[in-house]
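Written out below as C-alpha cells is the structure these notes cover.
The values are calculated or read from the model by the stated rules, or taken from the named source; none is laboratory data. Note that this is a predicted model, so its numbers are computed, not measured. Neighbour counts run over all protein chains shown; Cβ positions are idealised from the backbone, glycine included.
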C-alpha cells in the first residue's frame, strides 16, 4: 500500500491526471445517456445505442489509463507497443459492450448487477493489457504481493462500483442519480488504474532499447485524440439518429394519446407496458413520464 501511495505522489503529473479524470467522467456521462436511451428503444436502434454506449465507456477506460500513463514519469523514457495498445482498446470496448448488453437484456433483478460486474472485469482487464504495452530501456518488474493485492482490491472495487452504477442507472433517472452513476463509474476506472500501477516497478537497463515502431508519448497523445474524435463522432451520429427516431415516435405517441378510446398494451407476462391518456383516466393510473415512453404497471 505504501508503495502504491508513493508511486501516485511522486511519479505522476497531477495536472495530466486531472485531464484523465475529466475525460473519464465526460465519456461515462455520454455513455450513460446513450444507455438510457437504449432502454426505451427496440430493434436495431436499441442495438446501435448499446454499441455506442459500450464504445463510449470502453474509450473512457482506455483513455483514462493511457492519459494517466502520459502523466507517469518513472525516471526513464517510456514508449508503448502498438499491438498491446490497440488490444487494450478492443478489450475495453468489447467487454463493456457485453456488460451493457447484459444490463439492458431485461427486467430481471440480476441483469444490471451482472452487467456491472462484467464492466468491472473489463476495467481491470483493460488496465492489465495496457500495462503490457509499456516499453522502456529497462525491465518492467512486478512485486507479486502488491500484484495480488492490487488485483484483489482494484478489480473487486471496480466490479462493486460498476455493479452499483448500472443498478442505480436502471432504477433512477433523476439528475442526482445521473451524477452518482457518473461518479461511481469514474471512481471504478480511476481507482483500478492506480491500484494496478502500485505493483509495477521499472529497473533501468542500458542494454535494452525502445523499438522504433513503438508509440512515444507524443504519438500516444495523438492516438488518444484521434480515438476521442472517432468516439465523439460516433456518439453524435447515434444521437442524431435517435433524435430522428424520437421525433417520429413522438408523433405516433401524440396521436395515440388523443384517441377517445382507452388503449393499453400488455407484454407476455401480463404487465401493462403502454397506455394512452384515456386509459389512465379510466383506471386512475399514474401519468409519470412523457407521452410515448415505455411505462410499466402491474396488471
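Among the residues here, residue 38 does not qualify as modelled with pLDDT of 85 or more and either more than 30 Å from residue 205 (Cβ to Cβ) or assigned by TED's automatic domain parsing to the domain that holds residue 210 (or both). Restricting 204, 212, 199 to those that are out of contact with any strand residue (DSSP E or B) (no Cβ under 9 Å at 6 or more places or on another chain), farther than 22 Å from residue 36 by Cα and at pLDDT below 75 reduces the list to 212. When 230, 237, 149 are checked against the criterion of being assigned by TED's automatic domain parsing to the domain that holds residue 47, at pLDDT below 75 and exposed (fewer than 13 other Cβ atoms within 10 Å of the Cβ), 237 stands alone in meeting it. Taking each residue of region 174-186 that is under 14 Å from residue 36 (Cα atoms) and looking for partners that are part of a helix (DSSP H, G or I) with beta-carbon atoms closer than 6 Å, six or more apart or interchain, yields 177/168; 181/32; 181/165; 181/168; 181/169; 182/25; 182/28; 182/29. Note on region 85-106: among residues that are out of contact with any helix residue (DSSP H, G or I) (no Cβ under 6 Å at 6 or more places or on another chain) and closer than 19 Å to residue 67 by Cα, the one that is surrounded by the most Cβ atoms within 10 Å (Cβ to Cβ) is 85.
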